[in-house]
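**Q** Just dropping this structure here.
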Amino acid sequence: MRLRNQTLLFLFLFGLAPLVLLVSITMPLVFDRIEDFYHGAYLQNLRADFRDLDQHIASRQEMLRLLAKLPEPGLLMKRDEREDMEIDEARAGYVEWTNRILDDQLDVSRVVFADNRGRPQFWLERDPKSLLLRPTTASPEPLPEAFIESISKTQPGAIAVSPIHVDHQGGPFNFLTLDIAAPIVLPHDNVTVGMVYITVDVGGMARAYSNTLWVRNDGSFLLPSETGDRAGNAFEEFPGLEEKFSARRLALWRSPGGNRQMIWVPMFATEDSGVLWVGRTVDTSPLAALQNALVLRGLIVVVVVILVIWLLASWLAGRTARFGDELTRGIERMLEDETASFRWSGTHELRELGQKLSRLAEIHARNSRNLRAHARELEQSNRYKSEFLANVSHELRTPLNSILLLSKMLAGKAHLGPDERHQADVIHRAGQDLKDLIENILDLSRIEAGETTVNPEPIDLPQLLQDLLELVRPQFEEKGLPLVLEIEDGAPTRLVSDASKLRQIVKNFLSNSVKFTRQGGVRVRLRHGDDTRPLRIDVVDTGIGIPEAKQQIIFEAFKQADGATNRRYGGTGLGLNISRRLAALLGGTISVSSKAGDGATFSLLLPQQVDTLADGTQPSVEPAVSAEEDTEPPIADFSPHRVLVVEPDLHHLLQLTPLLESWRLAISGAVDLEEAMEVLEDEPECRTVLLDSAVLGENPCDTIQTIRNGISSRPAIILMSGNCSGNASPDCMRLVEDCIDLPVDPEQLKDVLESHLAEPETAQNG
């Protein structure tokens, strides 16, 4: 994603996220608060409606006080000795007077005069047809004892109000009623002679409240209306209402879908010590309209804010992207060693940054030019160094091989004394050490120059290790050290890799082991590796060990654990460095585990197959290696045979000598035919002659025949020629046992020697 888009997205989200969070948190709170206000207004409206009912009941209380005083209540209740006729006249007058004052008060359905025990003495009932208060024959039901007791305790002039009585089966005047009572007190002696109470039809007023339900604790309700009353069970029609009633406080009920809402208020107490609940439907349409309006306005605000944030983020992102593009182009120019200028406007910090970057670009361009010049000088110097090492090494190896060959031949002369033989051996060993140093330096220079290639081939690892151990075993036997090969059960035994380089790595391990081990022994273990490198070769010795702090130094070129080790044991410190580099070319790793004085274990981990080089290119396949090339020769053992090499070119002779010595052949050398004849006469055990075609002269057939006739041992003559098929006639080729091409191929030479050295041995054994 481009920087501008990332910056735009970041700023947009950074600015939008708080807004979205604010809206998501605030809007539900706002809606809840608005809903609470709305429900509160509904409740206030409901309570205001029922204040009229309270005022109406208060006016009926004043009427009741009047009824308790006029006319003389004792006459109506037969408290004196007056005649019945007079009582009847008084009662009739009272009926007329009551109807006159209660003519328009149709909610008063009954007037009852009772004694102190609440037993009715005189009563009036409203006629449903004439709507007048008339005496009836049926005595009213007595008042509850608790209400009568409360009346008896009431002071003169006070009023007692009963709980609301609900009778869903009652008539039009008594389905919802309450009783208001007052004591009757004689004015002259202040004695309570009874009580008077009226029954007020609250249901008549309830019809004026539309959409209002009157519900008792048991759930039964009455919905009065002008068209007809409806009864039912609220707990069935309103699920969950019973739990809300149990709390006995204001409750809001919502339908499961939330489409219907009702406010429930515990308004009145009933005669059964319960509560008469009043419920009214909440009209949610204004609330929904308000919420929709708020949502719409909120969305408009959010869209406007988003637009503003987007414009601001776009401007900031564009400015940031412009700076980024300028910086990228400037850095590209700096990488191309060109000067770049950052002339940025804006804040002080930004202008200062542009100036410093411009200065940095100038310094970088100047340093890059200096570095390129220095690199060219280093490259030229390195090339001169490589050429010098190659030339010097080549020039050193030629006389050095001569020294090695001649010292070896000199040590084998019978007429030399012990001191001279020892001196010749010393010369040979010193020359061999010098040769190893030169070979290591050449190997290191080739690796550093990238001239070393990998030749993958199938390898039988146990056989390779066994052959290598047999090759180096004389060095271990000379010091009395056992050399053992251990192969773990199930360990990988085959791989595809470069056999010569693998052999060189393990040989370096073994050279270190035999150098630094005086007692104990050396073990070579073939084991399982890890998942990526399943093959592991360990060389374990019991030598002097390596301190932990020095275990990484030993892998550096020309480095050993310390100077004392170099002085005591010798060596150049190149073997392990070369081994690590060769292991990397094979896709492997080298590690060491050791403690000072407790031996060392060098481990090589390799993949099962080498597919590519370290740089990802395919490994190149080298041609067959000749004797002149610096590669590991094939393994062979021709001991105890001796071979005579007749080679006028000392360079070729010195190249063949190490190869033949590695096959444990005893070597004699000659530079011409005369010297060759003398050697064959003195060493009749020499059964094979390697004859360079350069010594045959102009008449090769005659020369070969002269050799045949001049010696009695009849050795096998192997001709070395630049063209075996063209340099000699068929008659001449019949005089020799075999012919190999120059430069000498070690494999071909090995096969030829095996064919001629094995036959006599076989015949002898037979």
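The values are calculated or read from the model by the stated rules, or taken from the named source; none is laboratory data. No experiment lies behind these values; they were computed from the predicted model shown. Glycine gets a Cβ as well: all are built from the backbone with ideal geometry, and neighbour counts include every protein chain shown.
**Q** Run residue 693 past the list (1) small (Gly, Ala, Ser); (2) buried (at least 16 other Cβ atoms within 10 Å of the Cβ); (3) at pLDDT below 80 and report the number of the one that doesn't hold.
**A** It fails just one condition, (3).
**Q** Something else: Show the residue pairs meeting these rules: Cβ distance below 6 Å; 6+ apart or different chains; first residue within segment 489-502 and basic (Lys, Arg); second residue part of a helix (DSSP H, G or I).
**A** 501/582
**Q** Sticking with this structure for a sec: Taking the condition touching a residue at least 24 places away in the same chain (Cβ under 8 Å) and over 24 Å from residue 582 (Cβ atoms), does residue 426 pass?
**A** Judged against the criteria, residue 426 is not a match.
**Q** Filter segment 484-511 for residues that are surrounded by fewer than 16 Cβ atoms within 10 Å (Cβ to Cβ) and hydrophobic (A, V, I, L, M, F, W, C) and give the result.
**A** Answer for segment 484-511, where residues must be surrounded by fewer than 16 Cβ atoms within 10 Å (Cβ to Cβ) and hydrophobic (A, V, I, L, M, F, W, C): 484, 485, 487, 496.
**Q** Let me ask something else. Being within 15 Å of residue 603 (Cα to Cα) and surrounded by 18 or more Cβ atoms within 10 Å (Cβ to Cβ) is the filter here; which residues of segment 512-526 pass it?
**A** 512, 513, 522, 524, 525, 526 - these are the residues of segment 512-526 that are within 15 Å of residue 603 (Cα to Cα) and surrounded by 18 or more Cβ atoms within 10 Å (Cβ to Cβ).
**Q** Looking at 310, 264, can you tell me which residue is assigned by TED's automatic domain parsing to the domain that holds residue 18 and surrounded by 12 or more Cβ atoms within 10 Å (Cβ to Cβ)?
**A** Exactly one of 310, 264 is assigned by TED's automatic domain parsing to the domain that holds residue 18 and surrounded by 12 or more Cβ atoms within 10 Å (Cβ to Cβ), namely 310.
**Q** Keeping to segment 133-151, report how many residues are within 18 Å of residue 90 (Cα to Cα) and surrounded by 15 or more Cβ atoms within 10 Å (Cβ to Cβ).
**A** Final tally of qualifying residues: 1.
**Q** Check every one of the strands (runs of 3 or more DSSP E) wholly within segment 595-682 and list those with 1 or more residues that are touching a His at 6+ places or on another chain (Cβ under 6 Å) and either closer than 28 Å to residue 525 by Cα or modelled with pLDDT of 80 or more (or both).
**A** Correct list: empty, since no element meets the threshold.
**Q** So which strands (runs of 3 or more DSSP E) stay within segment 240-290 end to end and still have 3 or more residues that are of a type in the set (Val, Ile, Thr)?
**A** Here the list reads 275-282.
**Q** Still on this structure, I have one more. Suppose we filter 280, 260, 254 for residues that are free of Cβ contacts under 8 Å to residues at least 12 places away in the same chain and basic (Lys, Arg); which single one remains?
**A** Result of the check over 280, 260, 254: 254.
**Q** Determine, yes or no, whether residue 301 is at pLDDT 80 or above and more than 30 Å from residue 242 (Cβ to Cβ).
**A** Judged against the criteria, residue 301 is a match.
**Q** OK, next. Select from segment 272-298 the residues that are within 23 Å of residue 146 (Cα to Cα) and either surrounded by 18 or more Cβ atoms within 10 Å (Cβ to Cβ) or small (Gly, Ala, Ser) (or both) and list them in ascending order.
**A** 273, 274, 275, 276, 277
**Q** Please work out if residue 313 is touching a residue at least 40 places away in the same chain (Cβ under 8 Å), in contact with a Phe, Trp or Tyr (Cβ under 6 Å, 6 or more places away or on another chain) and part of a helix (DSSP H, G or I).
**A** yes
**Q** Here's a follow-up. Only one residue in 662, 668 is closer than 19 Å to residue 411 by Cβ and surrounded by fewer than 17 Cβ atoms within 10 Å (Cβ to Cβ), so which one is that?
**A** Answer to the selection: 662.
**Q** Sticking with this one: Could you grab me the full set of residues in segment 99-146 that are touching a residue at least 40 places away in the same chain (Cβ under 8 Å) and not in a loop (DSSP other than H, G, I, E, B)?
**A** If the condition is that a residue be touching a residue at least 40 places away in the same chain (Cβ under 8 Å) and not in a loop (DSSP other than H, G, I, E, B), then 108, 109, 110, 111, 112, 113, 114, 121, 122, 126 are the ones that fit.
**Q** Scan segment 518-538 residue by residue and report those that are among the aliphatic types (A, V, I, L, M) and within 19 Å of residue 586 (Cα to Cα).
**A** Listed by number, the residues that qualify are 526, 535, 537.
**Q** Still on this structure, please answer the following. For segment 683-716, give me each residue that is among the acidic types (Asp, Glu) and assigned to a helix (DSSP H, G or I).
**A** Within segment 683-716, 702 is the sole residue that qualifies.
**Q** With respect to the numbered conditions (1) hydrophobic (A, V, I, L, M, F, W, C); (2) at pLDDT below 85; (3) buried (at least 18 other Cβ atoms within 10 Å of the Cβ), which one is the sole condition not fulfilled by residue 481?
**A** The failed condition is (2).
**Q** Of (1) more than 26 Å from residue 661 (Cα to Cα); (2) within 51 Å of the chain's Cα centre (by Cα); (3) polar (S, T, N, Q), residue 440 satisfies all except one. Which?
**A** Just one mismatch for residue 440, condition (1).
**Q** Still on this structure, I have one more. Just to verify a result, which residue in segment 157-179, among those that are of a type in the set (A, V, I, L, M, F, W, C) and part of a loop (DSSP other than H, G, I, E, B), is modelled with the lowest pLDDT?
**A** 173
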